[in-house]
Amino acid sequence: MKFEIKNIDSSTKARAGKLTLAHGTIETPIFMPVGTQGTVKTLSPAELEDIGSQIILGNTYHLYLRPGQELIREAGGLHKFINWNRPILTDSGGYQVFSLAELNKVKLEGVRFQSHLDGSYHDFTPESVIHTQRCLGSDIMMVLDECTPYPCSLKQAIDSNELTLNWAKRSLQAFHSSEPFYEHEQTLFAIVQGSTYEDVRRHSATALTDMDFPGYAIGGLSVGEPKDAMYEMTAVCNSILPENKPRYLMGVGKPEDLVEAIGLGIDMFDCVMPTRNGRKGTVFTRNGVLVVKNATYKDDFSPIDAECNCYACRNFSRAYIRHLFKAGEILGMRLASLHNLHFYLELVHNAREAILANNYSNWKKDFLGRYFSLSTYK
């Protein structure tokens, strides 16, 4: 992996970078569509490429349970299995273990959990999760961590963070003592935890920086805490994490969250919001959010966003897409999801252009002013 910073905005901490991985080069800031189970829901790899997706995200927990790491290894790795030739990042599955598993028991060694699919019991350790991600062959692997809920006590945050640091050290050792299964290199990111406690976040970021990972993620945010707390903790972490390595804010989020976090120095994002909302008929536009399946769009023959150049907006009206939702046709979900991902990818592209022009503050003000002041959300 190679990461280069092309420019830092003159009035903010926003960065435009270039991240080179085994399966391609990524221009940052970047949004990563979520393909939890080896697919970005309702969309094909060709459609993702068409809208400019440079990297997608998969999930170790889900792929480990189904179809299983050995089958994916037999197929030649996740890239070949899903026919995606660009970079892939795989989350470690830690968040899913703690949020989806009906029962889990955490120890220093790792976590024992019950599958949400069939109730069977499984064990994740830092070492086993590295092995699974070796089987998947993702370009960026994530360490196993424990994500605390919000709210949590200071003691809970401290104890959980110490466990996460222990697991991070073991993950790094397991990574360096193993070899890739395929003919490409992989890299490993650490995850900063600490809930909304500044001192715990500082300790986590400092300890992980000392371990010298190639890249760093900020986890445990966008889990119910106030937005101001999310931004504050992001800024705290970024003040410590190395400037010459990529920074990834996990699970975030709304367009305004991306815009704010980019200004704080974040390079990478992922979130299910554009596709999940799209499947429910909620779409993002330059003028705010609208629910296209609502009755007000029954005879609205304009596109979702008149300034958008995605396939949905070039070819179909709000009225038609609303009809598809009311008729229960899958195409409605596909078009809305495609548009939303196009919107997010164009958003980070435009942010990058503003950073390169040292105009991020003005661009941010213009974007948010229009996005919120004209939004009707109806």
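Residue check: is THR275 of a type in the set (S, T, N, Q), crowded, with 18+ Cβ neighbours inside 10 Å and in contact with a Ser or Thr (Cβ under 6 Å, 6 or more places away or on another chain)? The answer is yes for THR275. Within this structure, LEU48 passes the test of being open to solvent by less than 10 Å² (accessible area, probe 1.4 Å), in contact (Cβ under 8 Å) with a residue 24 or more places away in the chain, over 30 Å from GLY194 (Cα atoms) and in a helix (DSSP H, G or I).
For segment 205-249, a residue qualifies if it is of a type in the set (Ser, Thr, Tyr), in contact with a Leu (Cβ under 6 Å, 6 or more places away or on another chain) and over 15 Å from LEU165 (Cα atoms), and exactly one does: THR234. Considering only residues of segment 196-247 that are touching a Gly at 6+ places or on another chain (Cβ under 6 Å) and part of a loop (DSSP other than H, G, I, E, B), which is farthest from LYS2 (Cα to Cα)? Of everything passing the filter in segment 196-247, SER222 is farthest from LYS2 (Cα to Cα).
Of the residues making up segment 294-316, those that are more than 20 Å from LEU341 (Cβ to Cβ) and either among the hydroxyl-bearing types (Ser, Thr, Tyr) or open to solvent by 80 Å² or more (accessible area, probe 1.4 Å) (or both) number 6.
All of ALA336, ALA351, ALA357 fail the test of being closer than 25 Å to MET32 by Cβ, in contact with a Gly (Cβ under 8 Å, 6 or more places away or on another chain), at pLDDT 95 or above and among the hydrophobic types (A, V, I, L, M, F, W, C), apart from ALA336.
Residue by residue, here is whether (1) touching a strand residue (DSSP E or B) at 6+ places or on another chain (Cβ under 9 Å); (2) at positive phi; (3) open to solvent by 70 Å² or more (accessible area, probe 1.4 Å); (4) part of a helix (DSSP H, G or I) holds:
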| site | (1), (2), (3), (4) |
| --- | --- |
| VAL289 | yes, no, no, no |
| GLY328 | no, yes, no, no |
| HIS339 | yes, no, no, yes |
| ALA351 | yes, no, no, yes |
| ASP366 | no, no, yes, yes |
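Scanning segment 175-200 for residues that are among the β-branched types (Val, Ile, Thr) and either in contact with a His (Cβ under 9 Å, 6 or more places away or on another chain) or closer than 28 Å to LYS155 by Cα (or both) yields ILE191, VAL192, THR196, VAL200.
Residues of segment 22-37 that are open to solvent by 20 Å² or more (accessible area, probe 1.4 Å) and touching a strand residue (DSSP E or B) at 6+ places or on another chain (Cβ under 8 Å): HIS23, THR25, GLU27, THR36, GLN37.
The values are calculated or read from the model by the stated rules, or taken from the named source; none is laboratory data. Nothing here was measured: the structure is a model prediction, and the numbers come from that model. Positions of Cβ are backbone-derived with ideal geometry, glycine not excepted, and every protein chain shown enters the neighbour counts. Accessible surface areas use protein heavy atoms only, side chains included; no ligands, DNA or RNA. Shrake-Rupley method; radii C 1.70, N 1.55, O 1.52, S 1.80 Å.
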